[in-house]
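Since the structure comes first, as structure tokens, the remarks are kept for the end.
The values are calculated or read from the model by the stated rules, or taken from the named source; none is laboratory data. Quick caveat: nothing in here was measured; it's all calculated off a predicted structure. Quick reminder, even Gly has a Cβ in these numbers, built from the backbone with ideal geometry, and neighbours come from all protein chains shown.
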Amino acid sequence: MSMLFTINDSPFFGKEGKFCTSRHISERLDRELEKNLALRVSPVEGAMDKWLVSGRGVLHLSVLVETMRREGYELQVGQPQVIYKEIGGQRCEPIEELTINVPDEFSSKMIDMVTRRKGELLSMDTEGDRVNIMFEIPSRGIMGLRTNVLTASQGEAIMAHRFKDYQPFKGEITRRTNGSMIAMENGTAYAYSIDKLQDRGKFFIDPGEEVYGGQVVGEHVHEKDLVINVTKAKQLTNVRASGSDDKARVIPKVEMSSKNV
């Protein structure tokens, strides 16, 4: 897997970390190479503040990102990408062996979910009321799969995967069918606004967080992107009406991690 590392160029630059410049990040990646033998870092051609960091998988790279964050480094990262190879004049991609242990009642959901991501069913073994299902799936199909598997199986699935080999490219995978919810302007997000917009999708922010215009603050329930105003506060007036003073009930935000990528 590879990820693009770059400096933080958002309006919130410098607010969360002490080391924000390209020099700081470059020196930190160079130090990491001295002890992390599986890591590869190459500068992006034509850019002084971008690096392509390659590792063994999403977990390997996410550990590096989290370690740098805890050390006070502030940076932006791109979406994980698989590393393709040209073998015999043919474009090939990494393939992994995926095993899912799940109650029998959820087995059909698992098969449908994996095959949509270009996975191939290899075997099914029944052990009591649970089923061991083995697949062969492209590495890019596993990204973001764990959360969906746990949700579809009500948290009862056990999932493991390991690299197998390189095989010819399996075709495009439809990764995201939902649009984004985008903040309209700079300001502080209010519970009043978020409460009124919760039927539009899932939020990535909590009330009280600072947002900027153009920031992705949630996932829309429909395909198209939606520009919303989360900085609108409740109008304070002396007029009272039945039902207008209900307490805001805000659903906790979606916590982003390497499992959600």
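Residue by residue through the stretch 85-123, note down the ones that are aliphatic (A, V, I, L, M) and more than 27 Å from Gly55 (Cα to Cα).
In the first step, residues of the stretch 85-123 are kept if they are aliphatic (A, V, I, L, M); the result is 87, 95, 98, 100, 102, 110-111, 113-114, 121-122.
Within the stretch 85-123, Val102, Met110, Ile111, Leu121, Leu122 meet the criteria.
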Consider only pairs whose beta carbons are under 6 Å apart and that are at least six residues apart or on different chains; among these, list those whose first residue lies in the stretch 83-109 and is outside the structural domain of Thr151 (by TED's automatic domain parsing) and whose second residue is at pLDDT 90 or above and small (Gly, Ala, Ser). Ile83/Ser2
Which of the following residues is over 20 Å from Phe203 (Cα atoms), of a type outside the set (Asp, Glu) and either exposed (fewer than 13 other Cβ atoms within 10 Å of the Cβ) or in the same structural domain as Gln198 (by TED's automatic domain parsing) (or both): Thr174, Thr151? Thr174
Give the stretch 145-197 a look and list any residue that's in contact (Cβ under 8 Å) with a residue 40 or more places away in the chain, polar (S, T, N, Q) and within 18 Å of Lys118 (Cβ to Cβ), or say none. Gln167, Thr174, Thr177
Somewhere in the stretch 164-171, is a residue within 20 Å of Val221 (Cα to Cα) and under 24 Å from the mean Cα position of the chain (by Cα)? no
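Yes or no: Glu120 touching a Lys or Arg at 6+ places or on another chain (Cβ under 8 Å), within 23 Å of Gly141 (Cβ to Cβ) and either at pLDDT 90 or above or among the aromatic types (Phe, Trp, Tyr) (or both)? Full working, then the answer.
On the way: touching a Lys or Arg at 6+ places or on another chain (Cβ under 8 Å): no; within 23 Å of Gly141 (Cβ to Cβ): yes; either at pLDDT 90 or above or among the aromatic types (Phe, Trp, Tyr) (or both): yes.
So Glu120 fails the test.
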Checked against (1) buried (at least 18 other Cβ atoms within 10 Å of the Cβ); (2) in contact with a strand residue (DSSP E or B) (Cβ under 8 Å, 6 or more places away or on another chain), Gln81 satisfies every condition except (1)
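Just one of Leu150, Leu145, Leu122 is closer than 19 Å to Pro80 by Cβ and either more than 20 Å from the chain's Cα centre (by Cα) or not aromatic (Phe, Trp, Tyr) (or both); which is it?
Result of the check over Leu150, Leu145, Leu122: Leu145.
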Residues located in the stretch 39-70, provided they are hydrophobic (A, V, I, L, M, F, W, C), at pLDDT 90 or above and either loosely packed, with under 12 Cβ neighbours inside 10 Å or assigned to a helix (DSSP H, G or I) (or both): Leu61, Val63, Leu64, Val65, Met68
Could you check Asn101 against (1) surrounded by 16 or more Cβ atoms within 10 Å (Cβ to Cβ); (2) more than 24 Å from Leu4 (Cβ to Cβ); (3) touching a helix residue (DSSP H, G or I) at 6+ places or on another chain (Cβ under 8 Å); (4) not aliphatic (A, V, I, L, M) and say which number it fails? (3)
Which residues, counting only those in the stretch 181-192, are at pLDDT 90 or above and either under 30 Å from Ile83 (Cα atoms) or part of a helix (DSSP H, G or I) (or both)? none
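Where residues in the stretch 5-18 are crowded, with 16+ Cβ neighbours inside 10 Å and among the hydrophobic types (A, V, I, L, M, F, W, C), which of them is farthest from Val82 (Cα to Cα)? Can you show your working first?
The first filter runs over the stretch 5-18 and keeps only residues crowded, with 16+ Cβ neighbours inside 10 Å, leaving 5-8, 17.
Next, from what is left, pick out any that are among the hydrophobic types (A, V, I, L, M, F, W, C): 5, 7.
Working: Phe5: 15, Ile7: 22 Å.
For the stretch 5-18, the residue satisfying everything is Ile7.
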